[in-house]
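Scroll down for the structure; my scribbles are underneath it.
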Amino acid sequence: MMKALVGAARGMHVISAGWVMILGFAIIVDVLGRSLFSYPIQGTSEVIKNSVVAITFMQIPLAVMSGSMLRTEIFADMLGVTGRRLLRTVGYLMGASLFLTIAIASLEPAAYAFKIGEYEGEGALRVATWPIQFLLIFTAAYTALAYVAMIWLDWTDQLEAELSYPGILSFDAVNAAVMTAPAPGKDR
């Protein structure tokens, strides 16, 4: 089950990275079209505006599971293993609560956007907003689930490098080794 959660988070991360590349290409073509031919691509700004939120939210679950979320070690250095675990649990619960609240609060606006066929843009290209809103709901709920999973993994001693990278999953050490591998040509 946990491997499937991590695998899905990695899959979303890869999709979002590809999405960024496509947007980068679209921006370049739009700028060149605007500069050289005075003919921009219609709807580029609307697509980008909606995509930025989706791309960001698609990357959050893997950031949670890999221990890449922002944290400070000011208090952690003063605590023992159990104290750090309790501190992480409080942080994980706060994160789960935040993202679950985002998901729940977004349900009604997304349903309404779907019902009325909400879109952005005028003229040649109209971009529907409801798919991005439902994607935000899904990824926020998935992130809340990732935080809950991290609590379970932490309390069952399945996290590797508990002090430096508390999110690296010990059962996935081969894929996580990139975080701790020495630079090419350097010994540990």
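The values are calculated or read from the model by the stated rules, or taken from the named source; none is laboratory data. In this text the structure is predicted, and so the values were computed from the model without any measurement. Positions of Cβ are backbone-derived with ideal geometry, glycine not excepted, and every protein chain shown enters the neighbour counts.
Brief remarks on what is shown
- Condition check for GLU122: farther than 30 Å from MET2 by Cβ and either part of a helix (DSSP H, G or I) or polar (S, T, N, Q) (or both): no
- Only one entry of GLY121, GLY117, GLY80 meets the criterion of being farther than 14 Å from ASP154 by Cβ and in contact (Cβ under 8 Å) with a residue 24 or more places away in the chain, and that entry is GLY121.
- Positions within region 34-90 being exposed (fewer than 12 other Cβ atoms within 10 Å of the Cβ) and within 23 Å of GLU120 (Cβ to Cβ), in sequence order: TYR39
- Qualifying residue in region 136-151 (condition: under 25 Å from GLY7 (Cα atoms), assigned to a helix (DSSP H, G or I) and over 16 Å from the mean Cα position of the chain (by Cα)): yes
- Those residues of region 64-90 which are outside any loop (DSSP other than H, G, I, E, B) and over 21 Å from the mean Cα position of the chain (by Cα), in sequence order: ALA76, ASP77, MET78, VAL81, THR82, GLY83, ARG84, ARG85, LEU86, LEU87
Results for (1) assigned to a helix (DSSP H, G or I); (2) of a type in the set (A, V, I, L, M, F, W, C); (3) modelled with pLDDT of 90 or more, shown as yes or no for each residue.
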residue: LEU5; (1), (2), (3): yes, yes, no
residue: MET21; (1), (2), (3): yes, yes, yes
residue: ILE27; (1), (2), (3): yes, yes, yes
residue: PRO40; (1), (2), (3): no, no, no
residue: GLU46; (1), (2), (3): yes, no, no
residue: VAL52; (1), (2), (3): yes, yes, yes
residue: ILE55; (1), (2), (3): yes, yes, yes
residue: LEU62; (1), (2), (3): yes, yes, yes
